[in-house]
Each structure stands twice: as structure tokens, then as C-alpha cells.
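Notes for the one structure printed next.
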Amino acid sequence: MAQKKVPLFKKDVIELSAVKLFRAEDEFVVGKHSIRWMNDDFKKIIASVITESNIEKVVLVTLKLARPATTKEIAKSIGKSGAISLAHLSGLLDSQIQSFLVIVLVKGKVWAVYACWFAGYGWSVDAGPVDDPNPWGDESQVLSRKSTRNLVRQ
């Protein structure tokens with residue numbers, strides 16, 4: 001009898017609800033969604049006066065990098081279609097307890113957001129441009145829209 005082949009990578013799916021109205025300046029504040037710290041770029045660019053409306057329900061896939069990769073390489077692989085809304089980023093902060101990287105679109109520009117979870121403390125949230133040359137380690141968790149190409153090969 002043939003043994004069942006076990007996949008090399010694990011992927012999980014996260015569903016996030018539709019959002020009628022989202023105001024970043026009201027949601028991305030220290031103390032809300034267990035946020036304990038935000039870097040200056042996140043405060044200026046992501047948590048500034050940005051409003052999103054009529055955001056549809058989304059299904060995200062969680063992937064683990066199979067090898068180190070730069071943010072630029074990750075963003076290119078995900079593409080703009082894999083970017084998530086700020087409203088859904090807020091939802092992720094409420095539902096996750098594991099650090100993750102996402103790509104977001106803000107006023108047409110692609111940004112990387114890294115949320116690092118510290119048990120007993122909360123979230124440390126950083127934003128930066130995608131051309132940051134520092135690589136992310138293998139096994140880093142990346143979240144993107146389900147319809148995008150996978151960052152890992154199966």
C-alpha cells in the first residue's frame with residue numbers, strides 16, 4: 001500500500017470580513033488592537049489620515065519563505081493584487097499572535113508592513129519602502145491575498 005505523500009509546506013487560510021468604513025487614524029493607535037509601538041514611517045504614512053470604504057471580504061493565505069528574500073523580491077512576487085487593505089491589516093492585528101509581513105497599498109504606493117508579536121507585550125508595527133535591501137529570513141511568515149502567486153514552491 002502506497003504511503004500518502006506529505007506536502008513540503010504548510011499553508012493556512014485566513015478570512016477577514018468586509019468593512020464599510022475604516023479610518024486609519026482612529027484604529028492605528030497605541031493601545032488599540034494590542035499595538036504597543038509603531039515606527040515613524042508607520043505613523044506618518046499608514047496611521048495618518050487615510051479612510052477606506054466598502055472594503056470587501058478577503059481570503060488571505062499565509063506562507064513561509066523557503067529561503068531568505070528582500071522586501072522588493074517579496075513584493076514583486078506578491079504583486080499589487082496581493083496587497084491587503086489597511087482595514088484588513090487592523091483585523092489581522094486582532095486575530096494573529098504570530099509575527100507577519102504584509103504588503104499594503106497607500107495612495108497608490110506599495111509599502112511593506114511588518115508586525116512583530118511579543119507575548120505579554122503586544123504588537124510592534126513597522127512600515128517601510130519595498131526597496132529596503134535587508135533580507136527576511138527563511139521561515140518568515142508572509143500574508144497575501146489568496147489569488148496571488150505563491151512565494152513558496154510546492
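The values are calculated or read from the model by the stated rules, or taken from the named source; none is laboratory data. Keep in mind it's a predicted model, so treat the numbers as computed, not measured. Please note: Cβ atoms are built from the backbone with ideal geometry, for glycine as well, and neighbour counts cover all protein chains shown.
Looking at Ala127, Ala66, which one is touching a residue at least 40 places away in the same chain (Cβ under 8 Å) and part of a loop (DSSP other than H, G, I, E, B)?
Just one listed residue meets the conditions, Ala66.
Do we have any residue at all in the stretch 91-105 that's within 13 Å of the chain's Cα centre (by Cα), assigned to a helix (DSSP H, G or I) and among the small types (Gly, Ala, Ser)?
Checked the stretch 91-105: at least one residue is within 13 Å of the chain's Cα centre (by Cα), assigned to a helix (DSSP H, G or I) and among the small types (Gly, Ala, Ser).
Taking only pairs six or more apart or across chains, which ones have beta-carbon atoms under 6 Å, a first residue in the stretch 40-62 that is among the hydroxyl-bearing types (Ser, Thr, Tyr), and a second residue that is assigned to a strand (DSSP E or B)?
Thr51/Arg23; Ser53/Leu21; Thr62/Asp12; Thr62/Gln141; Thr62/Leu143
Any residue in the stretch 79-103 that's within 11 Å of Trp117 (Cα to Cα): show its pairings with residues that are basic (Lys, Arg) at Cβ separation under 9 Å, as long as the two are six or more apart or on different chains.
Every condition considered, the pairs that remain are Leu93/Lys32.
Given the criterion surrounded by 14 or more Cβ atoms within 10 Å (Cβ to Cβ) and on the phi > 0 side of the Ramachandran plot, identify the matching residue among Gly91, Gly122.
Answer to the selection: Gly122.
Conditions: (1) modelled with pLDDT under 90; (2) surrounded by 15 or more Cβ atoms within 10 Å (Cβ to Cβ); (3) not small (Gly, Ala, Ser). Ile84 meets all but one. Number of the miss?
Of everything listed in (1) modelled with pLDDT under 90; (2) surrounded by 15 or more Cβ atoms within 10 Å (Cβ to Cβ); (3) not small (Gly, Ala, Ser), Ile84 misses just condition (1).
Can you name the condition, by its number, that Phe28 falls short on among (1) at pLDDT 90 or above; (2) surrounded by fewer than 13 Cβ atoms within 10 Å (Cβ to Cβ); (3) hydrophobic (A, V, I, L, M, F, W, C); (4) in contact with a helix residue (DSSP H, G or I) (Cβ under 8 Å, 6 or more places away or on another chain)?
For Phe28, the failing item is (2).
Hey, can you tell me all the residues within the stretch 121-135 that are closer than 29 Å to Gly31 by Cα and modelled with pLDDT of 90 or more?
Tyr121, Gly122, Trp123, Ser124, Val125, Asp126, Ala127, Gly128, Pro129, Val130, listed by residue number.
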